[in-house]
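Novice: What follows is a single structure, and I will ask about it in a moment.
Quick note: the coordinates plus some simple rules give every number you see, no bench work behind them. Owing to the predicted nature of the structure, the values given are computational and were not obtained by experimental measurement. Cβ placement follows ideal geometry from the backbone for every residue including glycine, while neighbour counts extend to all protein chains displayed.
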Amino acid sequence: MVRQAYGRGRAAGMVAAALMAFAAAAGAGVRGAEPKADGPAKLICASLWGDGGTEQFVGAGVQPDGTIVLAGNRQMSSLRAGGGSGFLLTLKLSGAAVTARKPLRLSGQVLGMKLAPDGSVCLAVRDAGVFMVRADSSRVVRQCPVRDVIDFGVDGNGELVVLHGQNMTRFDRTWRKRLWTASWHTHGGNRPGGLAVCTRTGVATVVGYGMTHTGREPWKDPYAYGFSRAGKEIWKLWDPKPGRQVSSQHGGNGLMADTTGDFAAAGPDGKLYLSLYADGGNSVCTRDPADPDKPIDPQVYNGVYQKGPGHGFKGASKTSVAFRVDAATGRLEKGTWMCAWLTPARANGLGMDALAADEAGRVYLVGGSASGCPEKAPWYPYETGYKGGGFLAIFDAGFAMLQCGMFQGTGLQAVAVGGGLVVVAGHAKPAGEDAVPVHNPVQPKPGGGEADGYFAIFQTARP
């Protein structure tokens, strides 16, 4: 299931000739190439997926039997147009071979996909609600008709929690009866970003920001809240008073970078993960989440990949951080920042889009990077062209980086892990100088349209 190691001489020449022939057949903007295998995650398959429209994947999952499920949308115009109709693609692995079933077409645009603890496929559909469906048919198992869904999560007891509008609502196991609805404090207008539910404790977290004003300028004021299964608020992170977030010469603490609570993810063993981003280096996420006038617990950043936001930005630029949180208490355990690096002293923008964690505490992050994406044992080392695009970064439980590399010409918005497999998915634009890498592809050629769906499957050590 990993690439065969070839020596020099005739075997290497045959491989090179085969790859050149494959690249020519694949079409412009696509390159077939053997990936490196120096890190813990070995690339099994990287493939396009499209059939004449404009496709992109928005969700990924690995079911208990190893079946991979990808959710996406297809539209006839461009990615920027929105709308379109959804589909589910299921992939089966047999040794090194990956086969795809005929995709299941869905009516309505898929906003997100998650797997229930038993592996059932759950989808948020625009203006329709949240559905549990069978991946091999169109049969709906459960339905929750909440219209303005932002995000959702399924508890270990089968209950559904939905982030909608500016509220969070928990439904019973039938997904029809409302158990409670909660709201939370913000400074200024409430802008929720995402939700996750810990399947062990039942704690649901929401992360977002308040659009407020410091008294000197507009300000994005981050927050995260935890709610028990009974709907009680049990912890809070950040939500600082905006008047303190100004320069010291104006009587503040100097933490002036707007910071946005972006998304949340649930991990095993009672852990939740929060991702936030700031428009520069002086973010409240460098300080104590209960009091930004105080330093953060040094254990949070000790030994991690990047202890703080990058410095040397030319103007404001996106710098991202991910934290692991104890679901029961809200305590920040560990976290790391990520930036792209133009030079060792000058950072560039990088955004996180999705996160998954396995039973060993390893963290898998995907997102998009400007030029200077960090690399460690990459599958396709940067050689020429723009050193940016979609990336996968893997960290150990202490947030030390194990592996990181990009897939040029892609945008990666989804990641899932399970049973020794890692899956990333998004879209690719196979044109221009940045050739999209494919390996053992299900579909080697572009399908047409502005973009095709793109996915990659990796094998890693089981926890």
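Novice: Provide T181, T343 in ascending order of the number of other Cβ atoms located within 10 Å of each residue's Cβ, fewest first. Intermediate results must be reported in sequence, preceding the final value.
Specialist: Values: T181 12, T343 9.
Fewest-to-most Cβ neighbours within 10 Å comes out as T343, T181.
Novice: Which net charge results for the neighbourhood of T90, defined as the other residues with beta-carbon distances under 10 angstrom from its beta-carbon, given Lys and Arg at +1 and Asp and Glu at -1?
Specialist: Local charge sum for T90: +2.
Novice: Related question: List the aspartates and glutamates whose alpha-carbon lies under 16 Å from that of K220, not counting same-chain residues fewer than 8 positions away?
Specialist: Filter leaves D239, D258, D262, D279.
Novice: Which whole-Hz ³J(HN,Hα) couplings does the range 53-65 yield from phi under the Karplus relation 6.51 cos²θ - 1.76 cosθ + 1.60, θ = phi - 60°, glycine and proline marked x?
Specialist: Each residue of the range 53-65 in turn: x, 10, 10, 7, 8, 10, x, 8, x, 10, 6, x, 8 Hz.
Novice: Ranked by Cβ crowding within 10 angstrom, fewest neighbours first, how are S283, S120 ordered?
Specialist: On the way: S283 25, S120 18.
If I rank by nearby Cβ atoms, fewest first, I get S120, S283.
Novice: Another question about this same structure. Between helix 10-26 and the chain, what is the angle of the helix's C-alpha long axis to the longest principal axis, kept within 0 to 90° and rounded to the nearest 10?
Specialist: Result, in degrees: 70.
Novice: Remind me, relative contact order of the chain in percent, using alpha carbon pairs under 8 angstrom and six or more residues apart?
Specialist: 18 percent
Novice: Apply the Karplus curve 6.51 cos²θ - 1.76 cosθ + 1.60, θ = phi - 60°, to the phi angles in the range 216-229 and return the couplings in whole Hz, x for Gly and Pro.
Specialist: Taking θ as phi minus 60°, the curve returns 10, 6, x, 8, 9, 10, x, 8, 8, 10, x, 10, 6, 4 Hz for the range 216-229.
Novice: By counting other Cβ atoms within 10 Å of each Cβ, how are M256, M168 ranked from fewest to most? All intermediate terms of the calculation are to be shown ahead of the outcome.
Specialist: Details: M256 21, M168 26.
Arranged by neighbour count, lowest to highest, M256, M168 become M256, M168.
Novice: Next question. For the range 154-193, which trypsin sites (Lys or Arg not before Pro) pass both filters: DSSP loop (anything but H, G, I, E, B) and at most 11 other C-beta atoms within 10 Å?
Specialist: Working: sites: R170, R173, R176, K177, R178; in loops: R173, R176, K177.
Passing sites in the range 154-193 are K177.
Novice: Starting from the amide H of R31, placed 1.01 Å from N in the peptide plane, find each other amide H under 5 Å away whose residue is 5 or more places distant or on another chain.
Specialist: Amide H neighbours of R31, under 5 Å, 5+ apart: V436, V438.
Novice: Helix-only mean residue ellipticity at 222 nm, the chain, DSSP H runs n ≥ 4 weighted -39,500 (n - 2.57), per residue, nearest 500. What is it?
Specialist: After summing the helix terms and dividing by residue count, I get -1000 deg cm²/dmol.
Novice: Using DSSP loop states and a limit of at most 13 other Cβ atoms within 10 Å to flag GluC sites (Glu not before Pro), what is the longest stretch of the chain containing no flagged site? Spell out each step's value before the answer.
Specialist: On the way: sites that count: E359, E383, E433.
Counting at most 13 other Cβ atoms within 10 Å as exposed, the longest clean stretch of the chain is 1-358.
Novice: Shifting gears a bit: When Lys and Arg each count +1 and Asp and Glu each count -1, what net charge do the other residues less than 13 Å away from H250, Cβ to Cβ, add up to? Don't skip to the end; give the middle numbers.
Specialist: Working: positive: R216, R244; negative: E217.
Around H250, the charge tally is +1.
Novice: Which value, in debye to the nearest 20, describes the size of the charge dipole of the range 224-368 about its Cα centre when Lys and Arg Cβ atoms bear +1, Asp and Glu Cβ atoms bear -1, and nothing else is charged? Intermediate results must be reported in sequence, preceding the final value.
Specialist: Numbers: 16 positive and 15 negative charges, 44 e Å.
Value, rounded to 20: 220 debye.
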